[in-house]
Amino acid sequence: MTSPHRLAPLLTPRSIAIIGASTTPNSVGNTSVRMAKRGDYKGRIFPINPKYAEVEGLPCFPSLAALPEPVDMAVLCVANQRLEETLKDAIANKVRAVTFFSSGYLENDSDPPLSRRLARLAKDAGLPVCGGNCMGFYNLDIELFLSFGWPPYKAKPGNITLLSHSGSSFSSLTLNDERLGYNLCVSTGLEIATTVADYLDYALDLENTRAVGLILETVRDPPAFLRALAKAEARNVPVVALKIGRTEASAKLAISHSGAIAGNDAAYEAVFERYGVHRVEALDELAASLALFAQPRRVTPGGLVGILDSGAERELLIDLAEDARVPLPAMTGATTKTLAGLLDPGLEPVNPLDAWGTGHNWEHIFTECFAALVGDPNAAVGVVFSSLRDGAGVSEGWVRVAIEAARRFDKPIAVVTNFGWTVHPEQTRQLTDARIPLIEGTKCGLVAVRNLLTERNNRALPPIEAPKPVAARVLARWRERLAEPAPLDEAEGLQLLADYGVPTPKFRVVEDGAAALKAAKALGYPVALKTAMPGIAHKSDVGGVKLGLKDAKAVKAAYAELKRTLGKRVIVARMAPPGIEMALGVVVDPQFGPLVLIGAGGVLIELLGDRRMALPNFDAPAARRMIDRLKVRPMLDGLRGMPRGDVASFARAASRLSRLAHDLGDLLAELDVNPVIVGPKGAVAVDALVVTKAQRTGARSKRARR
C-alpha cells in the first residue's frame, strides 16, 4: 500500500478550519465558508472567529484550540498584520497544511520580510502551504472549493489539472466557462513552501489526470520541476505551458554571442524541448490545447482534415495551417471518389473541403462528406470549421454533423469557430455533453491540433541517449584548468573542443613571422591567421582574422599587419573546406544550469535570432531534430547552388558539445563556437571563445580592488 502524497492534507483534507470566518457578505472570510460548503465535500468545516456563534449555518469556534479535533488544513482569512501570529498558532495546534490568500507584504517591514518569515515557519514545520497572494484551489474530485472567487456555474469534474501563478488567469479559466472539465485547479501564488513542481507531482499521481496546464512566471524549485516533467513524460500526460515574461533580456553583459543571443527565455525553451512540453502564447491557446488533449480519443497517423461551408474561409484555413505547421494531407483515391459523388458540381473533392454548393440537401452532404474525410487513412483529427450561432439552422446542423462523426469514428473530433464573437451557449453545451471540444478561433484551433499531433510524434521517438564520456584523465585535466582564474585563449578553447570530439582544424600558435611561415607550410595552404593576444573576444571586429592565405607572401604580410595592430601572438590554422556557417554554444542559466545552443552562424544568429536551446546531455538524433527546425535549415541542403552540408556531422558535433556542457558546465560562464563550417565532408569548429566562472569572478575582484 502506497503512503498518501505529502500534499494530501492540503489538497484532500479530511477537515478544514477557516480562521477569520465572517458573516459579512462578499468578504473573504464569508465567501471562503460559502465556497467550502458549495460542493459535495464530505469533510468537516469549522469556522473560527470569536465574534460569532455561527457562520453560514455552521457552528463557529473562538480558536483552533477550542475545536473538538485537530484539523488537516487551516484557511487563514486574516490581514497581513496577523498572518505571522496566526500561522504560528496553526503550527502549535498541529495543523497539517495551510492556505492563505493575502499578499504577505507589510509596508515598512523588517528584514527578513514577512513572506520570508512565513516561508521559514512553514518549511521548519514541514507544512504544505497554498499561497499567499493567491485565489486558493478547487479539488473537483472531492468537490472542495477553497477560494474567494465564486463560479457562476456548478463546475463539472473532468481530467484537466490547471496550475497558475496568476490569480486573474486562474479565474479566467475557471470562472467563465464550463466546457473545460477539471480535476484540480490551483492558484499557486507566492509559493512560500509549496511550488508548481509539488502540485504537478501530486496531479500526476491522480489516475484521472489526462492533461496539465501551466501558467508560469518562474520556477522556484528547478530540480523538482524537472523531476515532475520527467514523471509526466513517463506517464504520457501532456503538459501545456504559458510562460509569462519571455521577452525580457537577461544577457546584456554576456561576452559571447551565445550568451547574448540566448536571452531570458532560453532555459525554458530548453526545458520544454527536452520534456515535450507544449508551449502556447495566450490563454486562449492554452484552453484550446487543454480541451483537445482532454478528449478521450487516440490520435492515429496522419494530419488534419477539415470541412467548411465557405471557399474564402477554406483559403484562410490553408494559409493559417501553413503558418501553424499543421499538415493538411491529401485524401486517398477512394475518399476523393466518394467526395466527388456527394458534392454539388463545381466543388473540389479535396482536404480541406468546402462542401456548400446549392444548399440543397446540405446536412446530408455535410454529414457524409465529413465522414468520408475522417474515415480516410491519412486523417488523424477531424474538425468542423464554422462560426456557430444558437438558433441558426445551419449551425445546429454542423453540431449534428460533428456528433455523428464522433459516433462513427474513434478519432479526435472538434468544432472550431472561424470567428469567436458569435453567441452559442446551447451548442456549446450540446458539444461538451458529447465530449467534443468546441474551440473559439481558427488560430487557437490550429495551435491545439499542432500540439496534439506533436504529442503523438513525441511519444514515438526513441529515448535520448547520453553521448559517450571522455576519458577520466581528460575530464580531470580540464576541470583543473577551467577552475583556474587565467583566461583560456582560442588555442586552448579549440583543444578543449577537440578533446571532447568536436572537430577542429589543425593549428599552431606562433609569436614571430618565421614561425608563422613554418607553421603554414607544415599545415598546408590555404591557411588562416588569427590574433591570439589575450583579452580580444571578437577578433573579426578588430581586424584580427585573415582568411584564405594561399602562399608564403600572403602569410608574411598578414602576420606583419596583425603584429603591428594587435600584437605578436597569432594562431595559424588550416582553412576549413567551404561550407555553411553554423554556430554552437554553451550558456549557463542560474536556475537550470548549462544549456547548449544550436543555430545559424556568423552574423545570421544575431540578425535572425535563429537558434534552438537544449539541456545536456543529448544524442545526435535529438540534435538533428533541433537543426531541422532552424530557419536556415534549407541552406544545408544546397539552397541555390550552395554546397550541401553534412548535417549528420554537425549533429554529432552538437551532441559532443552537450557532453562537454554536462561535464564542465558548472565551471563555465559561456562558451561560443562560431562559426562551425558545415561542408559536404563534415563539420569543423573554426573558432572558440571560452569564458569561465573563475575568470569572471577574478575580473570582478580586480574591479572591486580598484
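The values are calculated or read from the model by the stated rules, or taken from the named source; none is laboratory data. Please read all numbers here as calculations on a predicted model, not as lab measurements. For neighbour counting, all protein chains shown are included, and Cβ atoms are generated from backbone atoms with ideal geometry for every residue, glycine included. These accessible areas exclude ligands, DNA and RNA; they are computed on the full protein's heavy atoms, side chains included. Shrake-Rupley method; radii C 1.70, N 1.55, O 1.52, S 1.80 Å.
List of remarks:
- Across region 629-664, the qualifying residues are those that are open to solvent by 50 Å² or more (accessible area, probe 1.4 Å) and modelled with pLDDT of 95 or more, and the one among them that is farthest from Leu475 (Cα to Cα) is Arg652.
- Long-range neighbours under 6 Å by Cβ, at least six apart or interchain, first residue without any contact (Cβ under 8 Å) to a residue 12 or more places away in the chain within region 371-384, second part of a loop (DSSP other than H, G, I, E, B) and not charged (D, E, K, R): none
- Answer residue from region 75-92, given it is assigned to a helix (DSSP H, G or I) and in contact with a helix residue (DSSP H, G or I) (Cβ under 7 Å, 6 or more places away or on another chain) and is most open to solvent (accessible area, probe 1.4 Å) among those: Lys88
- Hits in region 177-231 - residues which are more than 21 Å from the chain's Cα centre (by Cα) and among the aliphatic types (A, V, I, L, M): Leu180, Ile192, Ala193, Leu206
- Residues that are touching a Gly at 6+ places or on another chain (Cβ under 6 Å) and under 23 Å from Gln591 (Cα atoms) occur at least once in region 190-211.
- Considering residues of region 435-471 that are more than 23 Å from Ala620 (Cα to Cα) and open to solvent by 40 Å² or more (accessible area, probe 1.4 Å) only, the residue nearest to the chain's Cα centre (by Cα): Arg450
- Those helices (runs of 4 or more DSSP H) lying entirely in region 585-677 with at least 3 residues of a type in the set (D, E, K, R): 647-664
- Under the condition of being open to solvent by less than 20 Å² (accessible area, probe 1.4 Å) and not in a loop (DSSP other than H, G, I, E, B), the residues counted in region 491-522 number 9.
- Failed item in (1) part of a helix (DSSP H, G or I); (2) modelled with pLDDT under 95, with Arg450 passing the rest: (2)
- Residue in region 26-33 that is open to solvent by 50 Å² or more (accessible area, probe 1.4 Å) and farther than 18 Å from Asn139 by Cα present: yes
- Within region 39-57, being surrounded by fewer than 18 Cβ atoms within 10 Å (Cβ to Cβ) and either assigned to a helix (DSSP H, G or I) or on the phi > 0 side of the Ramachandran plot (or both) holds for one residue alone: Gly57.
- Any chance Ala372 is open to solvent by 10 Å² or more (accessible area, probe 1.4 Å), small (Gly, Ala, Ser), over 31 Å from the mean Cα position of the chain (by Cα) and modelled with pLDDT of 95 or more: yes
- Asn361 surrounded by fewer than 21 Cβ atoms within 10 Å (Cβ to Cβ) and closer than 23 Å to Gln295 by Cα: no
- Residue match in region 202-211 (condition: open to solvent by less than 30 Å² (accessible area, probe 1.4 Å), in contact with a Lys or Arg (Cβ under 8 Å, 6 or more places away or on another chain) and part of a helix (DSSP H, G or I)): yes
- Cβ-Cβ distances below 7 Å connect the following pairs, each with a first residue in region 33-45 that is under 20 Å from Val78 (Cβ atoms), a second residue that is open to solvent by 80 Å² or more (accessible area, probe 1.4 Å) and in a helix (DSSP H, G or I), and a separation of six or more residues or different chains: Ile45/Lys37.
- Residue match in region 100-112 (condition: open to solvent by 40 Å² or more (accessible area, probe 1.4 Å), among the acidic types (Asp, Glu), at pLDDT 95 or above and more than 30 Å from Lys243 (Cβ to Cβ)): no
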